[in-house]
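I have placed the structure first, in the form of structure tokens, so that the comments after it can refer back to it.
What follows draws every value from the coordinates through simple rules; no lab data is involved. What you see is a predicted model; the values in this text were computed from it and never measured. Counting neighbours? That spans all protein chains shown, and the Cβs are built from the backbone with ideal geometry, glycine included.
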Amino acid sequence: MGFRLDKIVVFGVGLIGGSFALALKKAGVVGQVVGIGRSQATLDEALRLGLIDCIGACDAATLGNADLVLLATPFGRTPALMRAIHNCRKSRF
């Protein structure tokens, strides 16, 4: 049996996040890719291009059963993003 991720969540579906998601999809190792981002236009384009399967939010429903969470955002946003993820994951358990 090969490596398989049922669900990944990608924060930032631009060049890096979108390419990562597409590579996993092409390799057949991911079931569902959920995209999260600041720009609705970017998320819509990622959905249209098949980079992601759906658009999510930084909440327990989206992150609760993710096998992998990829942070593909500008480095300066990392601390705030990590706090937000921690807070929504913490509220679920």
Original post:
Can you run phi through the Karplus equation (6.51, -1.76, 1.60; θ = phi - 60°) for the range 73-82 and list ³J(HN,Hα) in whole Hz, with x for Gly and Pro?
Top reply: 10, x, 3, x, 8, 4, x, 5, 5, 5
Subject >> Descending Cα extents along the principal axes, the chain, whole Å >> reply: 33, 32, 20
Original post:
Per-residue ellipticity at 222 nm for the chain, helices alone: DSSP H runs ≥ 4 residues times -39500 (n - 2.57), over residue total, nearest 500 deg cm²/dmol?
Top reply: -13000 deg cm²/dmol
Subject >> Estimated distance in nm for a label pair at L15 and F75, the labels positioned 7 Å out from Cα along Cα-to-Cβ >> reply: 1.6
